[in-house]
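Written below as structure tokens is the structure these notes are about.
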Amino acid sequence: MTGEESTGSGPGALTEEQAGRMLADINEVIRAGEEMRALRAEMIQVFAGLGWTQDTIARLAGMSQPAVSKQMTKHRDDPPPPVELALDQRDVPWLEGRLWGLAEEISECLGHSAHCTRYVEAVTRGRKRFTPWNVDALRRLVEEDLRVHRAELPAGHRAAYDTISRGLDLPAGVTAPATASASVRRTLARRLQRDRLRED
């Protein structure tokens, strides 16, 4: 058979394109799951480096203490350097994490009227990755929300975006500290940014 194959010609036919889309969706879920497991393993190392006990980490992670101990043993001979938790850091993954956290706060505040809501949901579920194109797209959506919903959003949201945007516009002057992977730094910055916005 040439061209696009199908399971048949009746109403129950399934095209190659349809099958490809379904398998692509499944692969995204699998990849996201694997990436999240790897991220959790790295976060356990970060928390251990901050001095948290295995019992505390296990409770917060919803894991058994032996499972946490096993993760920590894997990296016993190569512990990661300590992670700085100041919000104002200038490496690209950190700034991307701050943008992600800001977008989540905007989405939570405005609900589905926010332009960035669908994009935030896709990022959170692992369907969108932090490529330069995707980051630019999220920036445009956040900027549009800040413009359209200026009266509904706290001034701190605009101030945070301006700082993040300036940093992302000048990547040549940014150096990434070798304290953790990009995924870990995004995750930490996301949480710290959300907490800071709620404090303001």
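Key figures
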quantity: The stretch 105-163 - convex hull of alpha carbons, volume per residue in Å³; calculated: 76 Å³
quantity: The chain - Rg (one decimal) and Dmax (whole number), Cα, Å; calculated: 20.5, 64
quantity: Share of carbon and sulfur in the accessible heavy-atom surface of the stretch 44-111 [1.4 Å probe, %]; calculated: 53 percent
quantity: Residue-by-residue Karplus 3J(HN,Hα) for the stretch 151-156, coefficients 6.51, -1.76, 1.60, Hz, glycine and proline x; calculated: 6, 8, 9, x, 4, x
quantity: Relative packing of peptides 25-33, 53-61 - highest average C-beta neighbours within 10 Å first; calculated: 53-61, 25-33
quantity: The stretch 42-58 - phi-based ³J(HN,Hα) in whole Hz, Karplus 6.51/-1.76/1.60, Gly and Pro as x; calculated: 5, 5, 4, 5, 4, 5, 5, x, 7, x, 6, 6, 4, 4, 5, 4, 4
quantity: Computed lengthening from residue 125 to residue 84, 0.36 nm per intervening residue step minus Cα-Cα distance; calculated: 12.1 nm
quantity: Accessible area per residue in Å² at 1.4 Å probe, computed on the stretch 68-151; calculated: 56 Å²
quantity: Protection proxy ranking, peptides 188-199, 95-106, 147-158, average beta carbon neighbours within 10 Å, highest first; calculated: 95-106, 188-199, 147-158
quantity: Net length gained if the chain between residue 32 and residue 75 were fully extended (0.36 nm per residue, minus Cα distance); calculated: 13.2 nm
quantity: Sequence of 144, 108 from largest to smallest accessible area, 1.4 Å probe; calculated: 108, 144
quantity: Difference of contour (0.36 nm per residue) and Cα-Cα distance, residue 151 to residue 198; calculated: 15.2 nm
quantity: Residue-wise HN-Hα coupling along the stretch 142-149, computed from phi with Karplus coefficients 6.51, -1.76, 1.60 (Hz; x: Gly, Pro); calculated: 5, 4, 5, 4, 5, 6, 6, 10
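The values are calculated or read from the model by the stated rules, or taken from the named source; none is laboratory data. In this text the structure is predicted, and so the values were computed from the model without any measurement. Methodologically, a virtual Cβ is constructed for each residue, glycine included, from the backbone with ideal geometry; neighbour enumeration extends over all protein chains shown. To get the accessible areas, we keep the full protein, side chains included, count just its heavy atoms, and leave off ligands, DNA and RNA. Shrake-Rupley method; radii C 1.70, N 1.55, O 1.52, S 1.80 Å.
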